[in-house]
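Participant: To start, I am sharing the structure in question, which I have written as structure tokens.
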Amino acid sequence: MSLKSAKAEYAIHSIKTANALSPPFTNPLQISSPKSKSNGKNTENSHLLDPNQFQYHVRHQCRSGTINLKQAQEYFHQLIQTKPIPLIDTFNHLFTSLSKLKCHHVVFSMYRELNCREIKPDMYTLNILINCCCIMREINYGFGVFGEIMKRGFEPDLVTVSTMLRGLCLDGKVFIAVEVFDKMTEIRFQSNESICGILINGLCKICKIDVAIEFHSRMICEANVITYSVIIHALCKDGSVDEAIKMFFEMIGKGICPDVVVYGSLINGLCGSNRLKEAVDFFDEMVGRGISADLVTYNSLIHGFCQMGLWKEATRIFDRMLEQGISPDVVTFTILIDCLCKTGKVGKAREVFDLMIRQGKEPDLFTYNSLLSGLCLEGQLNDAEKLFKLIVDRGLQVNVFSYNVMIHGYCKSWKIDEAIHLYQKMLHKGLKPKTVTYNTLIAGLGEAGKVRTAKKLFHEMPTVGLSPIFSTYVVMLNGLCKNGHIEEAMDLFKSLESSKYEPNVEVYSVLIEGMCRVGRLEEARKKFNEISEKGLVPDVVTYNIMINGLCKKGMLVEADELLVQMEEKGCIPDSISFSTIIQGFLRENDINRAMQLLEKMRKRNFSPNEAVTSMLLHLVLVDDRCYAALESLPSVLHGRKKRC
């Protein structure tokens, strides 16, 4: 969208807004006049001061920043009764203090009281009122104050205009703000970089970056590092990093020196796009210019490397940051701990965690959850349990993620009873399980042979507002098949077919393996053939399952044919494929075919599994051909000689 068309789009609305402006002080927010309350510590003796001393006292109290609402109301009540009438500057001090206290309604109420007593405002007063309107998002009343400025013969200054434009932008009326700006420039209003920056920032915040760039290019005020910084940040946030780099070099070409904010935006954008080398180049260039990297920039780099799993590089950046005397914050520590845990470096993660505590940084729940996840992944359940308890002792609310991590840890370590207990505790605390909670528990129960409980959880999901997703069907099907519940598995397979989910190769593989396990080979073969009929392509796992099923039934010719067929169809056999069928041939004493397949394995740099190697070692005493085969496996012979 061009700036011209954008302005046209909002022109009618702008005119309507201008026509609808109402007097600003007749009824902004229906607040009654301030009432006297003589209970402020600093006001109780103020009536003893002469008028000039009292005004000085009020201004001093306002400047000190210690004034509260009750004191301000008491001061105001005394000021309006003072003779002669106090300076408007004293009231302005009060209004400024009340505005800082966010008592904007009271400011309007007091201003109405001044009007009733014919105490005239100055430009500063009216600017305070406009600011209050903008903060309260009462922008129409802000225009009313603007009209009051004109009516009283004042010239709107930079503060007036910038406040109005900022208010419009805060209210989402950015294009009206641009329209107002254009009208002001038509009457020769002298703008500055700050005002232009407000508009550019407003346009960028509503994702009209192209309009912001167009406005920036035609600015009557001189562009500076702030305006460029806003656009570069917006472009990087939008993922348009190359455009941001172009703006960067345009800025350099105009002799404008980038600051740490500009470099930080570029580095963050490049890291977010996984362009780490360029990010490091800009970082080095920044340092070369004598610009010190700040915490935000270091965090961006560390996060970038961590996203790619490059924990060593992230740690080096972290160490460099410490050397430069920049103290990491909770975000820095958490990013690094999370990365180290995900890459299996839990020991190093604990070292970073300990450093965090020593530096007096309080870990948040995300920090604890990251470390908790790492401990569970590494099977360090005792330490995970201690950390889980520590989270509660620290007064943090353990969330669903924390419970899911622990439940997964228990299931992975075959502690299914503990996992179920934690699940029940989670429900008791009023936390709603996620789909991943059920998936983890159903998978764990299936592995532990507790199919009945797994089915109960599967059917319980809709009662808590969850529907089984595709992965839930897969883990439930896997549990049924592993425990020989083939009829129920086939029923579940049919219900999956009739649902919005289509069975994929993985689902077929699970069911075929279950059928082979209980000896229903013909049904398994039918399902295997059905894969191609459905337009799916069996993968190496599916072929291996089928080959294994055929071998166990002694159907070695069919298994051998399937091995050839899979390669013809572009599915390359792996070491499991060869080991499975070689084991079958050795079991049937077909040494010749086993040796042929072993030779194929050797040429492909595959190693047979332990079962094949063990069988060869037993057969070597009765058949020299087995010894010849073992010669192609020097590591096996070497190991045997050592044992002898």
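Participant: Could you tell me how many degrees, from 0 to 90 and to the nearest 10, lie between the Cα long axis of helix 3-19 and the main elongation axis, the longest principal axis, of the Cα atoms of the chain?
Facilitator: 50 degrees
Participant: I need the chymotrypsin sites (Phe, Trp or Tyr not before Pro) found in the stretch 383-452, filtered to DSSP loop residues with at most 16 other beta carbons within 10 Å of theirs.
Facilitator: TRP414
Participant: In addition: Among PHE401, LEU480, ILE267, whose Cα sits farthest toward the positive end of the charge dipole of the chain (+1 at Cβ of Lys/Arg, -1 at Cβ of Asp/Glu, about the Cα centre)?
Facilitator: My answer, from the dipole projection, is PHE401.
Participant: For the peptides 559-566, 68-75, 460-467, what is the packing order when you average, over each peptide's residues, the other Cβ atoms within 10 Å and list the highest mean first?
Facilitator: 68-75, 559-566, 460-467
Participant: Quote the relative contact order of the stretch 231-285 in percent (integer), defining contacts as alpha-carbon pairs under 8 Å separated by 6+ residues.
Facilitator: 35 percent
Participant: Apply the Karplus parameterisation 6.51 cos²θ - 1.76 cosθ + 1.60, with θ equal to phi minus 60°, to every residue of the stretch 526-538 and state each ³J(HN,Hα) to the nearest whole Hz, in sequence, with x for glycine and proline.
Facilitator: 4, 5, 4, 5, 5, 4, 5, 4, 7, x, 9, 10, x
Participant: Kirkwood Rh, the stretch 201-304, all Cα pairs: how many Å?
Facilitator: Evaluated on the stretch 201-304, it is 13.7 Å.
Participant: Continuing with the same structure: The chain: D in µm²/s via Stokes-Einstein (Kirkwood Rh, Cα pairs, 10 °C, 1.306 mPa s)?
Facilitator: 49 µm²/s
Participant: Please compute one quarter of the surface area of the Cα convex hull for the stretch 396-543 and express it in square nanometres.
Facilitator: 9.5 nm²
Participant: Still on this structure, please answer the following. Anything over 22 Å Cα to Cα? Flag those among LYS342/LYS500; LYS455/LYS482; LYS494/LYS534; LYS429/LYS500; LYS432/LYS455; LYS345/LYS386, in the order listed.
Facilitator: Where the Cα-Cα span goes over 22 Å, the pairs concerned are LYS342/LYS500; LYS429/LYS500.
Participant: Related question: Just how large is the dipole of the chain about the Cα centre, in debye to the nearest 20, putting +1 at every Lys and Arg Cβ and -1 at every Asp and Glu Cβ?
Facilitator: The calculation lands at about 1460 debye.
Participant: Between helix 193-205 and the chain, what is the angle of the helix's C-alpha long axis to the longest principal axis, kept within 0 to 90° and rounded to the nearest 10?
Facilitator: 40 degrees
Participant: Further question: With an 8 Å Cα cut-off and a minimum separation of 6 or more residues, compute the relative contact order for the stretch 283-341 in percent.
Facilitator: For the stretch 283-341, the relative contact order is 35 percent.
Participant: Please list 3J(HN,Hα) in residue order for the stretch 455-467, calculated via the Karplus relation 6.51 cos²θ - 1.76 cosθ + 1.60 where θ = phi - 60°; whole Hz, with x for glycine and proline.
Facilitator: 5, 4, 5, 4, 7, 7, 3, x, 5, 10, x, 10, 10
Participant: Oh, and also: Measuring from the lowest to the highest alpha carbon on each principal axis, how far does the stretch 512-606 reach, largest first, in angstroms?
Facilitator: 36, 27, 17
Participant: Can you give the convex hull volume per residue for the Cα atoms of the stretch 387-446, as a whole number of Å³?
Facilitator: Taking the convex hull of the Cα positions in the stretch 387-446, it is 71 Å³ per residue.
Participant: Which whole-Hz couplings ³J(HN,Hα) result when phi for each residue of the stretch 594-599 is put into the Karplus expression 6.51 cos²θ - 1.76 cosθ + 1.60, θ = phi - 60°, listed in order with x for Gly and Pro?
Facilitator: 4, 5, 4, 5, 5, 5
Participant: I would also like to ask the following. Run the numbers on the chain and let me know its relative contact order in percent, using alpha-carbon pairs under 8 Å that are six or more apart.
Facilitator: That works out to 5 percent.
No value in this document is a laboratory result; all are computed from the given coordinates. The structure presented is a predicted model; accordingly, all values stated were derived computationally and were not measured. Here Cβ is always computed from backbone atoms with ideal geometry, including for glycine, and neighbour counts include all displayed protein chains.
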